[in-house]
Amino acid sequence: MNCLIIDDESTARTIVNQLCKSEGSLTVLEEFSNALQAIKYLNQNEVDLIFLDIHMPDFTGFDLIQTLKNPPRIILTTSDQKFAIDAFEYECIVDYLVKPITLPRFVKAVEKAKKFTFSEATQNNSNATKEEAKEEDQQLYINIDRRLIKIEIPSINIVEAKGDYILIKTKDKNYTVHSTLKKIEEKLPNDLFLKVHRSYIINLKKIVDIEDNSVLIEKDVIPVSSSNRSELMKRLNLL
Amino acid sequence: MNSEQPNLNYIKELSGGDQEFEEKMLSILKSELPEEIDTYKNHVEKQEFKQIAEIVHKIKHKISILGLEKSYESAVAYEKELLEGDMKGHTDFLELLTKMSNFLGNA
């Protein structure tokens, strides 16, 4: 079982690390002195168990749990018994260790974590959340005349810069929005869209053909600047 | 002020003879405690109760690491008192900090 240690106090991190060594079956992947660094790590890595301090400045252990879509098993480590009741609110919390932590109590908590399985409801929830997240990733809301209009991202063919506005062309409709190409570029998935010119972002799946300095997207001919041409060629499935 | 004395029992119990761990713990305690005492005194001078409570909370763990069980309980009560805007426990807490510093100075 691999684990993370999150605690703002170095004494506490050193102690939990030592307890992990003594327990014998845990691999400490990383230690973090603040929750925000840990969130970045958790978004990119699979972790089985977290030893998490509650009382940390700026961003508490509970804040961290609420931030995670699918938190792993968590053992709280704290000097305050008063948070124990709050801990029951979270299904991912396996146990609650009050400092100073002794080895026998630590081993007991780890045993609990090993036996712990998330309930079916949570599993289903987590799967549903993943599906929802997937769907959300596919949609973009644009503000036109104080209305938020939903656009299915895969339906976008081209985005064109027009001064202080951008023109979003989909298969069926065009939208003019007060925004910049840079802003929408950040919202579009990199694997589907490419900026081929300082004024154009295209949907790679909608390319009909390519000539030297232009691409045809449905009926629109879009210029390709020489600096972006090689990236465009790299992204195509060339025979 | 109670008569209990700081000790390394907890650290030794955790170390299981691991010298490196014992040295690391002592080194952290020796470097952090003086800084935390300074921070504590600064906040006391400015009567910043919330910040004093924060630093007492941090020091609290060190009190328990040094096996000072009764003092730990007093620190818990003092932290609560501070959050309610009172600091009657200040003199005792300061004495405790001196006791811990002296112990670490000789450890």
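The values are calculated or read from the model by the stated rules, or taken from the named source; none is laboratory data. Treat the numbers as computed from the prediction; the structure is a model and nothing was measured. All Cβ positions, glycine included, derive from the backbone under ideal geometry; neighbour counts span all protein chains shown.
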Given (1) crowded, with 22+ Cβ neighbours inside 10 Å; (2) within 14 Å of chain B (Cβ to nearest Cβ), identify the lone condition not met by A:ASP8. (1)
Taking the condition free of Cβ contacts under 8 Å to residues at least 60 places away in the same chain and assigned to a strand (DSSP E or B), does A:ASN143 pass? yes
Might you check whether a residue that is part of a helix (DSSP H, G or I), hydroxyl-bearing (Ser, Thr, Tyr) and within 11 Å of another protein chain (Cβ to nearest Cβ) occurs anywhere in region B:18-33? yes
Grab the strands (runs of 3 or more DSSP E) fully contained in region A:146-239, keeping just those with 2 or more residues being in contact with a helix residue (DSSP H, G or I) (Cβ under 8 Å, 6 or more places away or on another chain). A:156-162, A:165-170, A:193-197, A:200-203, A:214-217
Tell me whether region B:83-98 contains one or more residues that are buried (at least 18 other Cβ atoms within 10 Å of the Cβ), closer than 17 Å to A:GLN81 by Cα and touching an Asp or Glu at 6+ places or on another chain (Cβ under 8 Å). no
Check off (1) touching a strand residue (DSSP E or B) at 6+ places or on another chain (Cβ under 8 Å); (2) modelled with pLDDT of 85 or more for A:TYR141 and give me the number that stays unchecked. (2)
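Any chance you could count how many residues in region B:56-82 are away from chain A (no Cβ under 11 Å) and either buried (at least 17 other Cβ atoms within 10 Å of the Cβ) or on the phi > 0 side of the Ramachandran plot (or both)?
Residues that pass the stated criteria total 5.
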When region A:57-97 is checked residue by residue, the ones that are surrounded by fewer than 15 Cβ atoms within 10 Å (Cβ to Cβ), within 22 Å of B:SER64 (Cβ to Cβ), within 14 Å of another protein chain (Cβ to nearest Cβ) and free of Cβ contacts under 8 Å to residues at least 40 places away in the same chain are A:GLN81, A:LYS82
